[in-house]
Amino acid sequence: MNELNFFKQNGYLIKENLISQKNISKINKIVNEIVLKEKQKNKKNTLNKTQSYDNYHFVYNSNSLKNREILRLNNPQNRHKIFYDLSRNKKIISIAKKLLGGSVRFHLGKLNFKLPNKKKGSEIGWHQDWAFYPHTNDDLITVGIYLDDCFEKNGPLKIIKNSHKKKLYNHHNKENFFIGKIDLKKNKIGINKSVSITGTAGTVVFFHCRSVHGSGHNHMDSSRPLILFGYRACDAWPLINDGNPHPEVDLENYDKNIIVGKKSIKPRLTKVPTIIPLPKKKHYVSIYELQKNKH
């Protein structure tokens, strides 16, 4: 089965060793420098900043300075050339182009650290990315790049096969606030049928924006970093501003994010299930905070 057919059928695609070990080592060196620098800064004013348009910021597992650990760095590509170059990597983009139907616009970037179990806070509840940023069509993918070997033990990404063709689940709680996760008791989604996306450093996974996915705790002693990049077809236009390059905020910048394709203000509208991710109790800076809200 070819890559496109596999993706269409299952909602994901794994490419082992797509990024060279040499490149992975360079990236990890920069990641270590960024973390060290941030830990040395350790200033109070970096706590839970709201999303600015540039949107480069750290997300922590705690508000206390004493035990604070970095869960995530949002949009590292905005400040560091190595991540920008990776987000435009030819091998990644050529596959994205196939999966998105011929055009590619960069959407967002995240560097997740997947802290070890004793530093809890990096578990991700079951969700669909589509719930966070509905568009005029669902030609959107998320691309995960493993910077470290990923096993069952260190909390791999898990995807439910074929879930991208099924329903859009409600990601709101009983009070109807958007909390960014699916109520498993209410929705029988068969998480026992999920596939663990394990692989060596340099492995890249591509998955559909409507694929149901999540990840458990990391039971090993060290972090398991993962870079996530989002891409969309050029004619998939956002229905709501999710704090990432958005046409109403800065059209010029939005168009600068086109990697393959032409500028156009004609969105393609398809019949896709949509629930607007509002209201939120407050402005959350991350999925981690958002999902802490109980059903």
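The values are calculated or read from the model by the stated rules, or taken from the named source; none is laboratory data. Computed from a prediction, not measured in an experiment: that's the story for all the values here. Note: ideal-geometry Cβ built from the backbone for every residue, glycine included; neighbour counts use all protein chains shown. SASA here: full protein model, heavy atoms, side chains in, ligands and nucleic acids out. Shrake-Rupley method; radii C 1.70, N 1.55, O 1.52, S 1.80 Å.
Where only protein heavy atoms count, and the probe is 1.4 Å, what is the accessible area per residue for the chain in Å²?
49 Å²
Using a 1.4 Å probe on the protein heavy atoms, what percent of the accessible area of the chain belongs to carbon and sulfur?
52 percent
Give the shape of the range 96-237 as rounded, prolate or oblate, defined through the alpha-carbon gyration tensor: a ≥ b ≥ c are the square roots of its eigenvalues, a/c under 1.5 means rounded, and otherwise the shape is prolate if a/b is larger than b/c and oblate if not.
Verdict is oblate for the range 96-237.
What is the packing order of peptides 265-274, 163-172, taking the mean over residues of other C-beta atoms within 10 Å and listing the highest first?
My ranking of the peptides, most packed first, is 163-172, 265-274.
I need the peptides 127-134, 97-104 ranked by packing, meaning the mean over residues of other C-beta atoms within 10 angstrom, with the highest value on top.
Top to bottom by mean Cβ count within 10 Å: 127-134, 97-104.
According to the square roots a ≥ b ≥ c of the eigenvalues of the Cα gyration tensor, what is the shape class of the chain, taking rounded for a/c under 1.5, prolate for a/b larger than b/c otherwise, and oblate for the remainder?
rounded
In this model, which of LYS41/LYS281; LYS81/LYS165; LYS90/LYS167; LYS37/LYS66; LYS256/LYS281 are farther than 26 Å apart at the alpha-carbon?
LYS41/LYS281; LYS81/LYS165; LYS90/LYS167; LYS256/LYS281
How would the range 178-289 be classified by its alpha-carbon gyration tensor: rounded, prolate or oblate, with rounded meaning a/c under 1.5 and the a/b versus b/c comparison settling the rest?
prolate
Express the relative contact order of the chain as a whole percentage, based on alpha carbon pairs under 8 Å and six or more residues apart in sequence.
It rounds to 29 percent for the chain.
Among ILE160, ILE182, ILE95, which one moves the most in a GNM of the chain with springs linking Cα atoms closer than 10 Å?
Largest GNM mean-square fluctuation: ILE95.
What FRET efficiency would be calculated for the residue pair ILE276, SER222, taking the C-beta separation as r and a Förster radius of 35 Å, to the nearest 0.05?
0.35
Could you please state, rounded to a whole Å, how far the C-alpha centre of the range 215-256 is from the C-alpha centre of the range 152-186?
Each part reduced to its Cα centre gives a spacing of 18 Å.
List the pairs from LYS181/LYS266; LYS158/LYS181; LYS15/LYS158; LYS118/LYS282; LYS114/LYS153; LYS158/LYS282 whose alpha-carbon separation is above 23 Å, in the order I gave them.
LYS181/LYS266; LYS118/LYS282; LYS158/LYS282, as the Cα separations exceed 23 Å there.
Highest mean first, what order results for 147-154, 246-253, 28-35 on Cβ atoms within 10 Å?
147-154, 28-35, 246-253
Run lengths n ≥ 4 of DSSP H only: what is the helix-derived mean residue ellipticity at 222 nm for the chain, with -39500 (n - 2.57) per run over all residues, to the nearest 500?
After summing the helix terms and dividing by residue count, I get -5500 deg cm²/dmol.
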